[in-house]
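Notes for the one structure printed next.
The values are calculated or read from the model by the stated rules, or taken from the named source; none is laboratory data. The structure displayed is predicted, hence computed values, not measured ones. With ideal geometry, Cβ positions are generated from the backbone for all residues, glycine too; neighbour counts draw on all protein chains shown. In case anyone asks, the SASA skips ligands and DNA or RNA and just uses the protein heavy atoms, side chains included. Shrake-Rupley method; radii C 1.70, N 1.55, O 1.52, S 1.80 Å.
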Amino acid sequence: MEIRAATVLPARREPIELHTPDGQTLVGELALPLDRPPVATLVTFHPLPTHGGFMDSHVFKKAANRLPALADLAVLRFNTRGTSSDRGTSSGTFDGGEGERFDVAAALEYAEYHDLPHVWVVGWSFGTELTLKWARDPLVEGAILLSPPLHRATDEDLDAWAGFGRPLVALVPEFDDYLRPEEAKRRFARVPQAEVIGVDGAKHLWVGEPYVRIVLDEIVRRVNPAAAPLPVEV
């Protein structure tokens, strides 16, 4: 069977709640391999909720639908404060990336409390800002950024990540609306351990199955190299 956009592979999928230090309750889902423990974990931060981003934004939904089965990964998705999806609505209101620091902390605390292994953070657009600003936690082994705008995240945040020392991989679409590969390479140059990968033909939202596959392959190549490249059939 060819893996298509709507393919959902077997996994244990559990509804979860995250509880933030400032009293909010965030709704989410944890997807795990069906019959074995995960070898690593993705904690995902979705695109801007005021522009349609949520835990079901398609790349993250497809990651949860495929990667537990194909790469033995746990995939944690959740709605940041004030954000809704089919899973429900997280309490609180959107705070432009500031109050969301507590959402990041709650997600990482959940991963730590539940002994999820080898945590990598994957941020997309607004989620990359949350990653760079608030995910410098000892639990985090590295981060992957999809379409980083470097708008709310500043050079000071990049410098702080440089000092943090963990791997940082930025996947930058050739035709991104906010930050394109050459400028991204210049901006990320202040992070010695950063790797910027320009993706030919891609746009900010990674629409199209070929681009989704590129993203998921690059994620797996970093987090569980033994499972890369991902199969296109099962």
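State whether segment 155-218 is rounded, prolate or oblate according to the following rule on the C-alpha gyration tensor (a ≥ b ≥ c being the square roots of its eigenvalues): a/c under 1.5 gives rounded; otherwise a/b larger than b/c gives prolate, and the remaining case gives oblate.
prolate
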Of Val119, Val212, Val172, which has the largest mean-square fluctuation in a 10 Å C-alpha GNM of the chain? Val212
Could you pull the accessible area for Phe175 with a 1.4 Å probe, rounded to 10 Å²? 90 Å²
What lysines sit close enough to Lys61 to cross-link, taking a C-alpha to C-alpha distance under 22 Å and skipping anything fewer than 8 places away on the same chain? Lys203
Note to self: with every protein chain in place and a 1.4 Å probe, the chain gives an accessible area per residue in Å² of 42 Å²
Take the alpha carbon atoms of the chain, find their radius of gyration, then divide it by 2.2 N^0.38 Å using N residues; give the quotient. 0.93
Segment 148-207 and segment 39-93 have their Cα centres apart by a whole-number Å value of 21 Å
Run the reach check for Lys62 against aspartates and glutamates, Cα to Cα strictly under 18 Å, same-chain hits fewer than 8 apart removed. What comes back? Glu2, Glu14, Glu29, Asp72, Asp86, Glu209, Asp217, Glu218, Glu233
Sorted from largest down, what three extents in whole angstroms do the Cα atoms of segment 53-135 have along their principal axes? 35, 25, 21
Which of Val191, Leu158, Val8 sits farthest toward the positive end of the charge dipole of the chain, with +1 on the Cβ of Lys and Arg and -1 on the Cβ of Asp and Glu? Val8
Measure off, as a whole percent, the carbon and sulfur share of the 1.4 Å-probe accessible area of the chain, all protein chains present. 52 percent
Quick calc, the chain, dipole around Cα centre from Cβ unit charges on Lys, Arg (+) and Asp, Glu (-), nearest 20 debye, gives 320 debye
